[in-house]
Amino acid sequence: MLYAACRLRCDQCEYAVPLWVGMLAGIAIACVCGLFNGFLVAYMNIQPMVATLILWSAGRAIGLLLCNSNIVYVRVPSFQFFGAYCGILPTPILIAAICVAIASVVLKSTALGTYIQSVGINKKASRISGFNSAKIILLCYVICGLCAGIAGLVATCRIYSADTNNIGLNMELDAILAVALGGNSLGGGKFNLAGSIIGAYTIQAITTTLYALGVSSAQAPVFKAIVVILIVVIQSQPVKDYFKKLSAKKAGAKEAA
């Protein structure tokens with residue numbers, strides 16, 4: 001979609017449309033995708049993971065359909081800047097820092113952050129309290145779509161040839177794993193942005209380590225999936241209850257002694 005809008009005229013070495021138009025169009029489409037998922041979850045009461053899988057499967061197919069099943073490359077320095085360097089600092093890190101700073105201010109210093117946490121913890125109770133849970137959930141998915149669009153734009157800027165056409169593949173799993181590793185509940189509610197950032201760096205460290213050990217990019221998601229399973233099991237209520245009982249027994253034993 002973004003490629004179609006930013007297609008380069010090789011004979012004249014000019015854009016068919018201005019570069020920023022294609023970039024904004026790609027981000028806008030990502031917001032629409034978030035709106036679609038939000039509608040399914042907020043108004044159709046579909047499980048979030050199911051709604052995500054629907055667009056996960058259909059999104060790539062739609063993109064390939066629009067590009068005639070071809071991987072299109074935009075080999076232009078002005079476009080690749082967002083995936084390269086700004087001076088001595090990597091541009092993706094600067095973009096991520098700006099997004100995290102804005103999200104932190106909005107979620108920690110505004111009423112919207114309180115609404116989001118309230119709906120995440122218990123949307124029925126929030127609705128009874130007077131919050132429009134459906135609209136808040138829909139807004140959250142649109143914001144997620146916006147962030148996904150920006151991340152997709154950065155990943156797209158790093159695609160230079162067929163050797164790098166797998167950039168961004170299975171990034172959804174990395175995002176879920178980063179959030180889980182950051183100590184955030186996959187069931188929603190309270191969140192920790194700093195923990196998610198640490199989780200993202202941890203995932204990148206795991207990925208780099210796997211590649212250094214000779215694990216192929218096709219096999220790496222298997223190891224990441226195992227980590228996700230372990231985290232989900234640890235966060236499950238039966239496991240939490242077990243550790244609570246174990247702590248209570250140890251405390252009782254100390255008191256008896």
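The values are calculated or read from the model by the stated rules, or taken from the named source; none is laboratory data. All figures in this text were calculated on a predicted structure; none of them were measured in a lab. Cβ atoms come from the backbone with ideal geometry, glycine included; neighbour counts cover every protein chain shown. Just the protein is used for accessible areas: all its heavy atoms, side chains included, with ligands, DNA and RNA removed. Shrake-Rupley method; radii C 1.70, N 1.55, O 1.52, S 1.80 Å.
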Discussion item. With n ≥ 4 as the cut-off for DSSP H runs, can you work out [θ] at 222 nm for the chain, using -39500 (n - 2.57) per run divided by the number of residues, rounded to the nearest 500?
Written reply: -23000 deg cm²/dmol
Practice prompt. Per residue of the range 108-123, in order, report the coupling 6.51 cos²θ - 1.76 cosθ + 1.60 (Karplus, θ = phi - 60°) as ³J(HN,Hα) in whole Hz, putting x for Gly and Pro.
Written response: 9, 10, 10, 5, 4, x, 5, 4, 5, 5, 4, 5, x, 6, 7, 6
Item to complete: Note down the nm distance, to one decimal, between modelled labels 7 Å out along Cα→Cβ at ALA256 and at ALA103.
Response: 4.7
Fill in: Positive minus negative residues near ALA134 (Lys, Arg vs Asp, Glu; Cβ under 13 Å)
+4
Worksheet item: So how long is each side of the range 107-153 along the principal axes, counting just the alpha-carbon atoms, biggest first, in Å?
Response: 39, 22, 14
Worksheet item: Taking chymotrypsin sites (Phe, Trp or Tyr not before Pro) as exposed when DSSP calls them loop (any state but H, G, I, E, B) and at most 14 other Cβ atoms lie within 10 Å, what is the longest stretch of the chain free of them, the sites themselves excluded?
Response: 44-159
Worksheet item: Based on the alpha-carbon gyration tensor of the chain, what equivalent-ellipsoid semi-axes (square roots of 5 times the eigenvalues) come out, in whole Å, largest first?
Response: 37, 24, 18
Fill in: Where labels lie 7 Å past Cα in the beta-carbon direction, separation of ILE121 and ALA205 in nm
3.2
Worksheet item: To the nearest 10 degrees, how steep is helix 48-66 against the longest Cα principal axis of the chain, on a 0 to 90 scale?
Response: 10
Response to the item:
Given backbone amide H placed at 1.01 Å from N, residues whose amide H is under 5 Å from that of CYS86, ignoring those fewer than 5 places away on the same chain, are THR91
Worksheet item: Which of rounded, prolate, oblate describes the range 55-156, given a ≥ b ≥ c as roots of the alpha-carbon gyration tensor eigenvalues and a/c under 1.5 marking rounded, otherwise prolate only if a/b is larger than b/c?
Response: oblate
Worksheet item: What are the lysines whose alpha-carbon lies under 27 Å from the alpha-carbon of LYS240, with same-chain residues fewer than 8 places away excluded?
Response: LYS123, LYS124, LYS190, LYS224, LYS249, LYS250, LYS254
Discussion item. Before I look further, what does the chain give for accessible area per residue, probe 1.4 Å, in whole square angstrom?
Written reply: 63
Response to the item:
Here, VAL215 and ILE234, labelled 7 Å along Cα→Cβ, have an inter-label distance in nm of 1.6
Worksheet entry | Of all accessible heavy-atom area on the range 56-111, the percent that carbon and sulfur account for (1.4 Å) | 74
Item to complete: In square nanometres and to one decimal, what's the mean projected area of the convex hull around the Cα atoms of the range 28-103?
Response: 7.2
Discussion item. If you fit an axis through the alpha-carbon atoms of helix 237-256 and take the longest principal axis of the Cα set of the chain, what angle between them do you get, 0 to 90°, nearest 10?
Written reply: 40
Worksheet item: If you place +1 on the Cβ of every Lys and Arg and -1 on the Cβ of every Asp and Glu, how big does the dipole about the Cα centre of the chain come out, in debye to the nearest 20?
Response: 980
Practice prompt. Have a look at PRO90, VAL100, ILE62 and report the one farthest towards the positive end of the charge dipole of the chain, computed about the Cα centre with Cβ charges (Lys/Arg +1, Asp/Glu -1).
Written response: VAL100
